1. Give the residue that is farthest from residue 108 (Cα to Cα), with candidates limited to residues of the range 84-98 that are surrounded by 12 or more Cβ atoms within 10 Å (Cβ to Cβ) and among the hydrophobic types (A, V, I, L, M, F, W, C).
2. Report the residue count in the range 24-42 for those that are on the phi < 0 side of the Ramachandran plot and at pLDDT below 70.
3. Filter the range 42-56 for residues that are in a helix (DSSP H, G or I) and open to solvent by less than 60 Å² (accessible area, probe 1.4 Å) and give the result.
4. Looking at the range 65-87, which of its residues are at pLDDT below 90 and of a type outside the set (Val, Ile, Thr)?
5. Taking the conditions exactly as written (open to solvent by less than 40 Å² (accessible area, probe 1.4 Å), of a type outside the set (Phe, Trp, Tyr), part of a helix (DSSP H, G or I) and within 28 Å of residue 154 (Cβ to Cβ)), does residue 24 satisfy them or not?
6. List pairs: first residue in the range 43-60 and free of Cβ contacts under 8 Å to residues at least 24 places away in the same chain, second residue of a type in the set (A, V, I, L, M, F, W, C) and part of a helix (DSSP H, G or I) anywhere in the structure, Cβ distance under 6 angstrom, at least six positions apart or on different chains.
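The values are calculated or read from the model by the stated rules, or taken from the named source; none is laboratory data. For clarity, every value in this text was computed on a predicted model and none was experimentally measured. Counting neighbours? That spans all protein chains shown, and the Cβs are built from the backbone with ideal geometry, glycine included. All accessible areas refer to the heavy atoms of the entire protein, side chains included, with ligands and DNA or RNA removed. Shrake-Rupley method; radii C 1.70, N 1.55, O 1.52, S 1.80 Å.
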Amino acid sequence: MTQVTSQFRNPATPDFRHHWKWGGTLVLMPLILLMDRPIGTNPNWFGQNLGGVVAWSYWFVMVAIVQPRLRRLMVIGLIVALGGEIFLAFGLGMYEYRFGNIPFYVPPGHVAAMVVAYLFVREPWVQRHKKLVHFVLFTASAVYAVTWLAILNDVYGFALYMMFAAAI
């Protein structure tokens, strides 16, 4: 497939036409989490289910339009995410959800996060500034982990961060 470029387009300027694939995820994820919030003191089953419908719809759209390699990764990621949620939440009891279920949006949400990372690291401007991007993301994740350790005593999250940092 050849790429047609305009003679008036500056080749140094990033082409953002395909960014909706990962940009849409960055917009939808917070919206889905907002849908799941309790309304006053009442639980919000409707919002949780609506978030699930939105997440699964987005997942099916993404599966239909991405390259076959990424499509396979998305299907495998969905199986791993669902299995991991069941094992960690119900099997090991490491955490629990408000309604005692795994929200319908969680497994495709994990896959959407993976797709964002997969597409983001392949961006030409990320490749050109690899060391800077690595430094910024590593520093931001360190600040995030230390902040939650200090505020909520999130020892488990901090331990996972330390394992992540050691692996890099």
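1. This residue is 90.
2. 1
3. Residues satisfying the conditions are 47, 48, 51, 52, 54, 55, 56.
4. Within the range 65-87, just 67 meets the criteria.
5. Here the answer is no, as residue 24 does not meet what is asked.
6. 47/35; 50/35
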